[in-house]
């Protein structure tokens, strides 16, 4: 493909074409917006009607309340191994699985925990046939079947909630669906969710406009804006969405608020009043990492594997996987009970009951006594002189089953995780865009930790105002509903990569013409009797570039050869600066699209892309025939083939640590290093 650019005559149109490729159905076209918040450890749903509230006011958003008045339920589920269908979810799934284990009724039972499911989605090896293991490691199902089953359950929960709350009989097609995803996810992960939503019969096809993927930290900011108690124009807000699996970070500047607009409207006649709206612009590319609260659990399990002399807890899991679940439930009580005072002073201790663990380890062999395990551990502590102090036991003599852990030890479970969060925040605050940051918004389940709140406040109290919503676990699902009602709330985003198209250019038109690297790509075209340079990276958007959400980049091209019957568009990306050629290190082909043409028509082609939505979309138009192909770029590891009007594409992402229970990988802080 040849670019139609000549030096000084570049025919490039970069327009704000809001009507082109408007990826989402407008909320006004539906009766209801329902958000599905699919998290690593908990899930929730919320809804709002698209009409019935005064224009410019916040809609009435309702979310479901589960056991113990909690706004979410655990991400765990049971599938029947015969039908491969989801039969139980959430609190009921956990209770049922433990009941079946106790009664030896686990035949045909496949139990999954969300820790393995959600983190598997954030995996560089994600493929359509990727599977996920059960907790006991004895079975597996295709990941897409498990995710689709969960989304199908949440879909029904959302419809039931909205129907009961409104007395309306709602059909799936009458709803604008919003699924929340981490902003640090790659396009592969997002498109997997679209395919799973289609499989769950939420949308009629994967590319359906009836589904919006909303970025979780953005949703949190939207929900946190509350009249005069919220933000003012000019405020810069760094959001930490601290969940079970990941910490997702974004930073926005408030460019308009509902409250301020209402105040301005008081002095204006009705015809001149503005619509009260919230508008946010993204200041930096989203960032974050796998530093969620389950990594504290992982460090605790590393300690337990060392204490029990059971590497990776394989023996325990094989004997009784329910014992590990009970162990984690016990530790959850310890983890959430730790206060700021406990953490700072490192005084005191916490006890955890190991009766079931000891019974399991003793079954069919020599009795395992906690006193012996503690004695061995403490001896090693004394040898290493690590300053953490020894562990202890509680209980009737000869029947001690309660392990006593000093706060110095417990702190080692927390510290590596919290340090990663603090270091990332400190690094971000050094960016020029954030030097005048006004607020740090802390949300997510992990945000309820006294320890995390204290550490952030202690480190940042003189630099930024720390905000903690009253219900930090609920803001994302509610903000997702508001985003569905008005996606224009996010007015600009930052490009996460430099993206462009491979083009062939006339030797007189090439960028940096004196660069010797061009010689490797230079060739003579016999038909035109001219020299051209192939593999030029023609950038559409640059990493970090601020882009309006309606921003469309449009470029025109023509075939390099007059005899071509097909034209191939190759789309490339890089995390670095704009490369000269697509063959440079770090430059990866994302997609290719082959279009049939008639060379006798002297065809001209136009390629337009939209980057600032939560997903990347493109349109290829034959300017001679008017034929148009609209595409949603789909990233996966299956190669570069075209199918059904969409693109199958490939993106290389960093290898990330995965910790499904069947393949548990402990954190780099191994217990041997701790001791």
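The values are calculated or read from the model by the stated rules, or taken from the named source; none is laboratory data. Quantities reported herein were computed from a predicted structural model and do not represent experimental measurements. Here the Cβ positions follow ideal geometry from the backbone for every residue, glycine too, while neighbour counts run over all protein chains shown.
Checked against (1) touching a strand residue (DSSP E or B) at 6+ places or on another chain (Cβ under 8 Å); (2) outside the structural domain of residue 254 (by TED's automatic domain parsing); (3) under 21 Å from residue 256 (Cα atoms), residue 401 passes all but a single condition, namely (3). Determine, yes or no, whether residue 370 is over 17 Å from residue 303 (Cβ atoms), in contact with a strand residue (DSSP E or B) (Cβ under 8 Å, 6 or more places away or on another chain), outside the structural domain of residue 100 (by TED's automatic domain parsing) and touching a residue at least 12 places away in the same chain (Cβ under 8 Å). The answer is no for residue 370. A residue that is touching a residue at least 12 places away in the same chain (Cβ under 8 Å), buried (at least 18 other Cβ atoms within 10 Å of the Cβ), within 20 Å of the chain's Cα centre (by Cα) and over 24 Å from residue 75 (Cα atoms) occurs nowhere in the range 185-201.
All of 329, 318 fail the test of being part of a helix (DSSP H, G or I), touching a residue at least 60 places away in the same chain (Cβ under 8 Å) and outside the structural domain of residue 244 (by TED's automatic domain parsing), apart from 318.
Exactly one residue out of 528, 554 is at pLDDT below 90 and crowded, with 16+ Cβ neighbours inside 10 Å: that is 554. For the range 422-436, the set of residues classified as part of a loop (DSSP other than H, G, I, E, B) and touching a helix residue (DSSP H, G or I) at 6+ places or on another chain (Cβ under 9 Å) consists of 429 only. Determine if the range 114-125 includes at least one residue that is surrounded by fewer than 18 Cβ atoms within 10 Å (Cβ to Cβ), closer than 26 Å to residue 190 by Cα and either at pLDDT below 95 or assigned by TED's automatic domain parsing to the domain that holds residue 247 (or both). Yes, the range 114-125 contains at least one residue that is surrounded by fewer than 18 Cβ atoms within 10 Å (Cβ to Cβ), closer than 26 Å to residue 190 by Cα and either at pLDDT below 95 or assigned by TED's automatic domain parsing to the domain that holds residue 247 (or both). When 520, 502 are checked against the criterion of being modelled with pLDDT of 90 or more and in a helix (DSSP H, G or I), 520 stands alone in meeting it.
Annotation note: Cβ proximity below 6 Å between a residue of the range 253-282 that is outside any loop (DSSP other than H, G, I, E, B) and a residue that is surrounded by 16 or more Cβ atoms within 10 Å (Cβ to Cβ) and at pLDDT below 80 (sequence gap 6+ or interchain) occurs for 258/276; 261/276; 262/276. What about residue 464, is it in contact (Cβ under 8 Å) with a residue 40 or more places away in the chain, crowded, with 18+ Cβ neighbours inside 10 Å and over 30 Å from residue 187 (Cβ atoms)? Considered against the rule, which asks whether it is in contact (Cβ under 8 Å) with a residue 40 or more places away in the chain, crowded, with 18+ Cβ neighbours inside 10 Å and over 30 Å from residue 187 (Cβ atoms), residue 464 comes out as yes. Note on the range 222-232: residues that are crowded, with 21+ Cβ neighbours inside 10 Å and in contact with a helix residue (DSSP H, G or I) (Cβ under 7 Å, 6 or more places away or on another chain) amount to 3. Restricting attention to the range 529-555 and to residues that are in contact (Cβ under 8 Å) with a residue 24 or more places away in the chain and over 39 Å from the mean Cα position of the chain (by Cα), the residue that is nearest to residue 571 (Cα to Cα) turns out to be 533. With respect to the conditions (1) assigned to a loop (DSSP other than H, G, I, E, B); (2) buried (at least 16 other Cβ atoms within 10 Å of the Cβ); (3) touching a helix residue (DSSP H, G or I) at 6+ places or on another chain (Cβ under 8 Å), residue 304 falls short on a single one, namely (1).
For the range 594-623, the set of residues classified as closer than 15 Å to residue 555 by Cα and surrounded by fewer than 18 Cβ atoms within 10 Å (Cβ to Cβ) consists of 604, 606, 623, listed by residue number.
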